[in-house]
Amino acid sequence: MKKILALVLALVLCFGLVACGGGSDDAATTDGEKTFNLTLAHNLAEDHAVHIAMTAWAEAVKTESNGSITINIVPNGTLGSEADCVSQIQAGQLEMTKVSAGTLANFAAEWNCLSVPYVFNDKDHLYNVMNGEIAQDLYNLTAETGFVGLSWLESGTRCFYTADTPVRTPADLAGLKIRTMDSQMAIDMMNAFGGSATVMGYSEIYTGMQQGVVDGAENNITALRDHADVTGYYCYDEHTMIPDIIIISSKIWNEMSDEQKAIMNSAAADMVANYKELWAQFEEDVKAQVEGKVEYVTDVDKAAFQAACQGIYDGLKANDPATYAFVERIQAAG
């Protein structure tokens, strides 16, 4: 992690320590701005690239807002699961959280568009979409139900990894129990590929693979730092690129001045730009950590996987035209 830590220091120098949160305060700063002490919860560790990037962002926001906005980041799932944290925001018990876009589909189905297999051609396509109008439209879907999207962070490319079976074609998944997120799109994807979806929490995967409850899982390569000891093969089918999303309470957002909103957005844009290098280094560091433990399967028939999930596109077109409209916009942006 030495390279990661070096990048952290660089980000801190660029952006400018996180204070405790807890909502908005009627007290004003010397500039006449309302003061906000916010809590941002997430389920990753302190040494994860996402936590590091958000910490630098929080420091930048505090500095640029002259202390009128402080963000206290609470990691490690301390305040509950991703869905729990979103519900807490809606109930006015939490101000901000970082969640997978897949989780947000439980609150607005259109978010499923980012979890559709092979909807992105490559990372450039992902960045074009998430830094543009499509993402902004997604951010506003839940404005009336308690929260809005604020920014995003890359979360790598998700692939299958298994204990004993290399996966090169969908046929190789037949009979395998694969852990998926609690997401209907993830379950539908597994069904389309011929595997058996088993929903479980991330913290259960190691024991699940060790005891044979599941035969594998699907995630980006950084998951190997937790699961390499029970993984035989990491298979580069690259089925999804599901970004992480930072959301904020609609109530809090609407209380901020235009200048404060601009500071939050500007610092977030810098975070996304700097994060691209941070994430790439994070992936390389994980590969170095697990070297020799896992066999990488690169001769995967991606065309076969793409063909197998055509039914998902057809199903969305027939049954969920709102989500399918976003899918079409994403594809057109590629």
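The values are calculated or read from the model by the stated rules, or taken from the named source; none is laboratory data. Note that the structure is a prediction, hence the values are computed from the model and not measured. A quick note on method: Cβ atoms are made from the backbone with ideal geometry, for glycine too, and the neighbour counts reach across all protein chains shown.
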List the number of the failed condition for Lys317; all other conditions in (1) surrounded by 16 or more Cβ atoms within 10 Å (Cβ to Cβ); (2) over 30 Å from Lys62 (Cα atoms); (3) not hydrophobic (A, V, I, L, M, F, W, C) hold. (1)
Let me confirm something: among Glu204, Glu133, which residue is modelled with pLDDT under 95, outside the structural domain of Lys98 (by TED's automatic domain parsing), surrounded by fewer than 19 Cβ atoms within 10 Å (Cβ to Cβ) and among the charged types (D, E, K, R)? Glu204
In contact with a Lys or Arg (Cβ under 8 Å, 6 or more places away or on another chain) and not β-branched (Val, Ile, Thr): which single residue out of Glu154, Glu144, Glu133 fits that description? Glu154
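Do any helices (runs of 4 or more DSSP H) entirely within region 202-275 hold 3 or more residues that are more than 29 Å from Val119 (Cβ to Cβ), and if so, which?
Numbers: elements: 205-210, 224-227, 250-255.
By residue number, 205-210, 250-255.
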The conditions are (1) surrounded by 15 or more Cβ atoms within 10 Å (Cβ to Cβ); (2) outside any helix (DSSP H, G or I), and Glu283 fails exactly one of them. Which is it? (2)
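Checking the structure you have, find out if any residue of region 249-258 is modelled with pLDDT of 95 or more and under 19 Å from the mean Cα position of the chain (by Cα). It would help to see each step written out before you state the result.
Within region 249-258, the subset modelled with pLDDT of 95 or more is 249-258.
Checking which are under 19 Å from the mean Cα position of the chain (by Cα) leaves us with 249.
Yes - at least one qualifying residue is present in region 249-258.
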Pairs, first assigned to a helix (DSSP H, G or I) in region 134-153, second modelled with pLDDT of 95 or more and basic (Lys, Arg), C-beta under 8 Å, six or more apart: Ile134/Arg329
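Residue-by-condition table, conditions (1) buried (at least 23 other Cβ atoms within 10 Å of the Cβ); (2) not in a helix (DSSP H, G or I):
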{"residue": "Gly92", "(1), (2)": "no, yes"}
{"residue": "Thr97", "(1), (2)": "yes, yes"}
{"residue": "Gly102", "(1), (2)": "yes, no"}
{"residue": "Phe107", "(1), (2)": "no, yes"}
{"residue": "Glu110", "(1), (2)": "no, no"}
{"residue": "Cys113", "(1), (2)": "yes, no"}
{"residue": "Asn121", "(1), (2)": "no, yes"}
{"residue": "Asn128", "(1), (2)": "no, no"}
Identify, by number, the condition in (1) within 30 Å of Gln281 (Cβ to Cβ); (2) out of contact with any helix residue (DSSP H, G or I) (no Cβ under 9 Å at 6 or more places or on another chain); (3) among the polar types (S, T, N, Q) that Thr103 doesn't meet. (2)
